[in-house]
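Notes for the one structure printed next.
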Amino acid sequence: MGLQIKARPFVGHWTMLLIVAAGCGSSEMPMEPPLVTAPAPPVLTGTVLAVDSFFVPATQTNFTVDQYSSGGTLPPDVGPTAGKLLILSVRDISRPDIVCTGGIGGSNCAIIVALPTRDEGFVSVQSESGRTPYFLHSTYRLEIDPDPA
Amino acid sequence: MGGSALQWRTTLTEDLTPSTFVQVELSLRKIGDPGVTIGWELLLVEPSADLAATEKLHDC
């Protein structure tokens with residue numbers, strides 16, 4: 001598994017904290033109240049088109065978010081994809097025994113954060129009509145339009 | 001890979017171009033030790049799999 005990290009530290013204040021990405025543990029750290037988010041859909045498995053990972057260092061404040069840009073290459077024999085589901089699956093691979101199903105209050109989870117001026121992330125793929133970024137929404141949908149923060 | 005995966009999904013309207021670059025950008029933070037390694041996978045799934053999984057979930 002290749003590793004490509006391009007962290008661009010961002011320091012600021014925001015009010016919308018969305019999604020528990022993966023992995024919980026015990027912690028005494030003060031946290032924001034858990035937010036209500038859409039229930040996570042069932043986890044699916046399928047053909048893996050691309051895979052990668054990156055390290056997220058621990059911080060001691062609520063006000064630091066890093067943006068991580070990671071990448072991979074579609075296989076040469078990807079085949080027809082129109083009409084199929086494209087799924088971005090994210091998890092904490094350093095703590096595989098940890099289960100985190102939502103809500104961040106009092107947890108020790110890595111979280112995906114929506115910044116005030118932008119969405120919480122995207123996946124960009126190439127098709128015949130060009131390159132399309134699909135933005136992560138709090139509904140667990142990938143949408144062409146950014147999620148309003 | 002282990003851990004509890006979260007997934008975001010869409011239905012593709014076009015064929016993806018083989019051998020092209022996939023970019024994934026995420027805004028993340030992790031408060032308190034330890035730091036963590038976040039892994040992602042881009043999956044292609046038949047729509048019928050989603051329907052079956054949803055029906056199974058509702059049966060619980």
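Observations on the structure shown:
- Qualifying positions in region A:61-82 - in contact with an Asp or Glu (Cβ under 9 Å, 6 or more places away or on another chain) and either under 29 Å from B:Asp33 (Cα atoms) or facing chain B (nearest Cβ under 7 Å) (or both): A:Asn62, A:Gln67, A:Tyr68, A:Ser69, A:Ser70, A:Gly71, A:Gly72, A:Val78, A:Pro80, A:Thr81, A:Ala82
- Selection status of B:Thr37, part of a strand (DSSP E or B), more than 23 Å from A:Pro146 (Cα to Cα), at pLDDT below 95 and at the interface with chain A (Cβ under 7 Å from one of its Cβ atoms): yes
- Test: residue in region B:2-22 that is closer than 23 Å to A:Pro41 by Cα, facing another protein chain (nearest Cβ under 7 Å) and among the acidic types (Asp, Glu): no
- Within region A:100-128, the residues that satisfy the criterion of being at pLDDT 95 or above and small (Gly, Ala, Ser) are A:Ser124, A:Ser127.
- Residue that is farthest from A:Ser129 (Cα to Cα) [pool: residues in region B:3-18 that are part of a loop (DSSP other than H, G, I, E, B) and touching a Pro at 6+ places or on another chain (Cβ under 7 Å)]: B:Gly3
- Every residue from region A:47-77 that is farther than 21 Å from A:Pro133 by Cβ and in contact (Cβ under 8 Å) with a residue 40 or more places away in the chain: A:Phe55, A:Val56, A:Phe63, A:Thr64
- Residues in region B:13-30 that are crowded, with 21+ Cβ neighbours inside 10 Å and of a type in the set (A, V, I, L, M, F, W, C): B:Leu16, B:Val22, B:Val24, B:Leu26, B:Leu28.
The values are calculated or read from the model by the stated rules, or taken from the named source; none is laboratory data. Quick caveat: nothing in here was measured; it's all calculated off a predicted structure. Counting neighbours? That spans all protein chains shown, and the Cβs are built from the backbone with ideal geometry, glycine included.
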